[in-house]
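The structure appears right after this line, and notes come after that.
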Amino acid sequence: MVRDASNREQFRPPGHDAEHFLLTTVVGSYPKPAWLNRMRDLSEDPESAVDDADLREAHDDAARVITHEHERAGLDTVVDGEMRREEMVEYFAHRIPGYEFNGPVKVWGHNYFDKPSVVSKVEYDEPWLLEEFEFTSSVATRPVKVPITGPYTLARWSFNEAYETEAALAYDLADLVNEEVRRLVDAGARYVQIDEPALATTPEDHAVVGDCLERIVDGVPEAVRICLHVCYGDYSRIYPAINDFPIDEFDVELCNGGYEQIDVFGDPAFEPDLGLGVVDVHDPAVESVEEIKRNIRQGLKVVSPDRLTVSPDCGVKLLPRAVAYRKLENLVQAAREVEAELDAGEIDLAAPGDD
């Protein structure tokens, strides 16, 4: 069942004088600076003088720049934009004993994915994200959120050559994610996001995802906010099952679909906090503040303001960087204006779920 935690208020910025507080954040990825991509290419060129130390320095510099860019946009919680990551499954598979890579596979058209294979029992060797989190925290002045690809997606988007069932693989991976989360918590992390995009494509496995989440949160204090992000798909096929998940927040992508699915979460009552995408990461047009305010009000149909988090629909890495920044800036401005309107009683708050 949903975690009985009141852990949202810790992310209210000092001096935030509005009575109401809409938590603003990002899902994870952000456009990489062009020079970082160039440094990566040079590091892979045997004739280049760029070595691993140079690339690490470039990653640190990029993480610092993007973290500060998020803070400059006004976000309440920030991410380093996943500057050290290229792809959400590959990054972790390279760090988990039991995985191996045998070359890219064709996904669609001319697009290829370096899909890993699980060839033996997966194990936890060294931390995956600890150095990334510690560095980002050292340069951030606001709380840092940690996105982690979830065990179900890590299992589903890999070739399984070692386990009898995909579920058995997912459960072992969930135990590894739990180990990583507990290490992050010991290092100070208080906001962890589990990314499970595969759930939207195979909703019949929602019970497997729920069991994985039970393993992930085992031993994790309730003061730590656990968010589940699921993008795309027909949410009606996994709702109300997500009400039984041990999470604090369920983050959804609805802006791209014009909020056609918002009513899915009205009956029965939505139990976790709602993370709502209010800008479209697939559209380079920058939403106006007024448009984003209308999108935020869609979330108020489902939960009260003290249970609403606003973010982009998903990671923004495919947008031009200037566009991504302007979307975030407008998102924060819209949230602050909605807070002021709520304080002034200018927004009629019917009970969530009412017509």
Would you pick out the residues in the range 157-203 that are farther than 24 Å from Thr25 by Cα, modelled with pLDDT of 95 or more and assigned to a helix (DSSP H, G or I)? Glu166, Ala167, Ala168, Leu169, Ala170, Tyr171, Asp172, Leu173, Ala174, Asp175, Leu176, Glu179
Residue list for the range 326-338, filter: open to solvent by less than 40 Å² (accessible area, probe 1.4 Å) and either more than 19 Å from Gly258 (Cα to Cα) or modelled with pLDDT under 95 (or both): Val332, Val338
Scanning the range 40-69 for residues that are among the hydrophobic types (A, V, I, L, M, F, W, C) and either more than 23 Å from Tyr30 (Cβ to Cβ) or in a loop (DSSP other than H, G, I, E, B) (or both), which turns out nearest to the chain's Cα centre (by Cα)? Ala53
Show the residue pairs meeting these rules: Cβ distance below 7 Å; 6+ apart or different chains; first residue within the range 342-355 and at pLDDT 85 or above; second residue open to solvent by less than 60 Å² (accessible area, probe 1.4 Å) and assigned to a loop (DSSP other than H, G, I, E, B). Leu342/His20; Asp343/Ala18; Asp343/His20
For the range 216-242, name all the residues that are assigned to a helix (DSSP H, G or I) and over 19 Å from the mean Cα position of the chain (by Cα). Ser236, Arg237, Ala241
Give me a count of the residues in the range 297-317 that are in contact with a helix residue (DSSP H, G or I) (Cβ under 6 Å, 6 or more places away or on another chain), crowded, with 23+ Cβ neighbours inside 10 Å and either within 15 Å of Val332 (Cα to Cα) or not β-branched (Val, Ile, Thr) (or both). 3
Which listed residue, of Glu179, Glu222, Glu196, is without any contact (Cβ under 8 Å) to a residue 60 or more places away in the chain and open to solvent by 20 Å² or more (accessible area, probe 1.4 Å): Glu179
Return the pair list, or none, for Cβ contacts closer than 9 Å from residues in the range 301-315 that are closer than 14 Å to Phe265 by Cα and among the aliphatic types (A, V, I, L, M) to residues that are open to solvent by less than 20 Å² (accessible area, probe 1.4 Å) and part of a loop (DSSP other than H, G, I, E, B), at least 6 apart or on different chains. Val302/Phe270; Val303/Phe270; Val303/Pro272; Leu308/Leu22; Leu308/Leu300; Leu308/Val302
Selected residue (criterion: surrounded by the most Cβ atoms within 10 Å (Cβ to Cβ)) from residues of the range 113-142 that are out of contact with any Lys or Arg (no Cβ under 9 Å at 6 or more places or on another chain), more than 13 Å from Leu184 (Cβ to Cβ) and acidic (Asp, Glu): Asp114
Taking the condition without any contact (Cβ under 8 Å) to a residue 60 or more places away in the chain and either open to solvent by 10 Å² or more (accessible area, probe 1.4 Å) or touching a helix residue (DSSP H, G or I) at 6+ places or on another chain (Cβ under 9 Å) (or both), does Leu274 pass? yes
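The values are calculated or read from the model by the stated rules, or taken from the named source; none is laboratory data. The shown structure was predicted, so the numbers you read here are calculated from the model rather than taken from an experiment. Using ideal geometry, Cβ is built from the backbone for each residue, glycine included, and neighbour counts are taken over all protein chains shown. Protein only, heavy atoms only, side chains kept; ligands, DNA and RNA dropped before computing areas. Shrake-Rupley method; radii C 1.70, N 1.55, O 1.52, S 1.80 Å.
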